[in-house]
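Worksheet for the structure shown next.
The values are calculated or read from the model by the stated rules, or taken from the named source; none is laboratory data. Here the structure is a predicted model, which is why all the values come from computation and not from measurement. We place every Cβ from the backbone using ideal geometry, glycine too, and count neighbours over all the protein chains shown.
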Amino acid sequence: MITLKKLFSHTVLTFALSAAALGVIGCGGVNLDNQPKYKPLAASRFFANGQSSRPLVEGTVPRGSFTTDSLLITGKVNGKLADLFPFPVTEQVLERGQDRFNTFCSPCHGRLANGEGMVVRRGFPQPPSFQTDSVRAMPAGFFFDVITNGFGRMYSYAPSVPVRDRWAIVAYIRALQLSENVAVKDLPEAEQHQLLGKAQ
Amino acid sequence: MAQLFHPRSTVISKASIVIVIIVLTSVIVAATEIYRSGYTTGQNVAREQPIPFSHKHHVNDEGLSCAYCHTSVDKSSFAGIPPTYTCMTCHSQIWTTSPMLQPVRDSYQTQKPLEWIRVHDLPDFVYFNHSIHINKGIGCETCHGRVDQMPLMRRQNTLFMAWCIDCHRAPEKYIRPRSEVFNMTYEYPKNQEAFGKKLVKEYNVQVNRITDCSTCHR
């Protein structure tokens, strides 16, 4: 039978042990707020450049995305820039292209690709307009190549724009070039009326 | 014999009980206020950064989209802080002699990354994921405030558990169309309650699951 005295001493013992255990945990440096692990981009004193994540070895290809489709990854067929798209251009592709163009290209090239972006107004060298005959005559592969490898003072956008998005941007540039150079007679009838109505 | 206690002592002792209660309550109230204040949580306090990078300049004045720099925000748990390379896409040509940008140029030359000080930092026992919030129509502004008006980055919200749960219990109050997540000046429609419920359904938001402890503590 448990006497009152025994119960009391058990209780005291339990408390003492718990307190000791808590003390050990507390002093042992187990800290759940800042656990000893690296989160993305965390700093590390171990490596010379101070980064915990190691740079990829040059030429690394993500698993499952290896391809020999030269048109898709270089914009070239038989070593020459091609005026072809590696996959069908659908409305979805165009919408993606619009979103990516407005995010990554319009700051300099302008929303209409006329070379009058906001950053140019602050002193960045002005890129040529895409609405001239000479740029319009460039093959699709040329635009892909510029995004991938850069061009003169323009840096490569390969680090922030994945391959399929680059093609989506090219498709959207083509749409912009078309939209700025449409003959009135090629518009749908309703829009022709609207436009001519405004002009009169 | 003179009285040990003056008759006034009763009044003093009674008064002191009241005073003790008042003092204790104010201490507790003050302590909770301090605990919740910006002073301890770091809310609304700008941090000293290696470069005084201004979101107001780059987002509001230059019209850059968040995704130009925070490229992984819609694809990954981590929003991503831009590498020095991203700054150099512009600063290789403009403000090339500004002393404020010297650390950027040094970092680009030496390949040593810039060390930004974190402004938002959840405890490591909490799991957070950007992409699901972005893809289910929660705008940056809802959680980070008017970033386009911040000359220096600061934290708009406490990031306390209660703050997360408040939305997880009723996401229809905050949800917006997916196309508007980067918009800093989105205005909620007058019928947000009905519209929000519709979006919650359309985007198949798992309202029943996101209040489980294991959603955030895994």
Filtered residue count, region A:64-98, keeping only those that are part of a loop (DSSP other than H, G, I, E, B), within 20 Å of A:P159 (Cα to Cα) and in contact (Cβ under 8 Å) with a residue 60 or more places away in the chain: 1
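Among residues belonging to region B:96-108 that are surrounded by 14 or more Cβ atoms within 10 Å (Cβ to Cβ) and within 12 Å of chain A (Cβ to nearest Cβ), point out the one that is nearest to the chain's Cα centre (by Cα). If you could, list the steps in order and put the result at the bottom.
Our first condition is that a residue be surrounded by 14 or more Cβ atoms within 10 Å (Cβ to Cβ); within region B:96-108, this holds for B:101, B:103-105, B:107-108.
Checking which are within 12 Å of chain A (Cβ to nearest Cβ) leaves us with B:107-108.
On the way: B:S107: 28, B:Y108: 29 Å.
So, considering only residues that are surrounded by 14 or more Cβ atoms within 10 Å (Cβ to Cβ) and within 12 Å of chain A (Cβ to nearest Cβ), the one nearest to the chain's Cα centre (by Cα) is B:S107.
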Selection from region A:143-174 of residues that are buried (at least 18 other Cβ atoms within 10 Å of the Cβ), hydrophobic (A, V, I, L, M, F, W, C) and either assigned to a loop (DSSP other than H, G, I, E, B) or in contact with a strand residue (DSSP E or B) (Cβ under 6 Å, 6 or more places away or on another chain) (or both): A:V161
Region B:18-40 residues that are assigned by TED's automatic domain parsing to the domain that holds B:L159 and surrounded by 11 or more Cβ atoms within 10 Å (Cβ to Cβ), paired with ones that are at pLDDT below 85 and not in a helix (DSSP H, G or I) (beta carbon under 8 Å, 6 or more apart): none
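Every residue, every condition in (1) assigned to a loop (DSSP other than H, G, I, E, B); (2) loosely packed, with under 11 Cβ neighbours inside 10 Å; (3) within 14 Å of chain B (Cβ to nearest Cβ); (4) touching a residue at least 40 places away in the same chain (Cβ under 8 Å), yes or no:
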position	(1), (2), (3), (4)
A:L41	yes, no, yes, no
A:F47	yes, no, yes, no
A:P55	yes, yes, yes, no
A:N102	no, no, yes, no
A:P107	no, no, yes, no
A:A113	yes, no, no, yes
A:F124	yes, no, yes, no
Residue identified as in contact with a Cys (Cβ under 8 Å, 6 or more places away or on another chain), farther than 30 Å from B:R209 by Cβ and not aromatic (F, W, Y) among B:V104, B:V126, B:V147: B:V104
For B:T89: the one exception among (1) farther than 18 Å from B:P50 by Cβ; (2) within 12 Å of chain A (Cβ to nearest Cβ); (3) in a loop (DSSP other than H, G, I, E, B): (3)
Scan of region B:51-70 for residues that are within 7 Å of chain A (Cβ to nearest Cβ) and at pLDDT below 95, ordered by number: B:E62, B:G63
Residue within region B:142-149 that is part of a helix (DSSP H, G or I), within 14 Å of chain A (Cβ to nearest Cβ), in contact (Cβ under 8 Å) with a residue 12 or more places away in the chain and surrounded by fewer than 16 Cβ atoms within 10 Å (Cβ to Cβ) present: no
Members of region B:112-136 found to be in a helix (DSSP H, G or I) and either among the hydroxyl-bearing types (S, T, Y) or within 9 Å of chain A (Cβ to nearest Cβ) (or both), listed by number: B:S131
Yes/no for B:S37 being small (G, A, S) and more than 14 Å from chain A (Cβ to nearest Cβ): yes
Top-ranked residue of region B:79-132 - restricted to ones that are of a type in the set (V, I, T) and touching a residue at least 60 places away in the same chain (Cβ under 8 Å), ranked as nearest to B:R154 (Cα to Cα): B:V119
Checking B:T185 against (1) surrounded by 13 or more Cβ atoms within 10 Å (Cβ to Cβ); (2) out of contact with any strand residue (DSSP E or B) (no Cβ under 7 Å at 6 or more places or on another chain); (3) not in a helix (DSSP H, G or I), the condition it does not meet: (1)
Unmet criterion (only one of (1) assigned to a loop (DSSP other than H, G, I, E, B); (2) touching a Pro at 6+ places or on another chain (Cβ under 8 Å); (3) away from every other protein chain (no Cβ under 14 Å)) for A:V182: (2)
In region A:126-136, residue modelled with the highest pLDDT [restricted to those that are hydroxyl-bearing (S, T, Y) and in a loop (DSSP other than H, G, I, E, B)]: A:S129
Selection within region A:175-200 - surrounded by fewer than 19 Cβ atoms within 10 Å (Cβ to Cβ) and within 31 Å of the chain's Cα centre (by Cα): A:A175, A:Q177, A:L178, A:S179, A:E180, A:N181
Matching option when the condition is aliphatic (A, V, I, L, M) and surrounded by fewer than 16 Cβ atoms within 10 Å (Cβ to Cβ), among A:V61, A:V119: A:V61
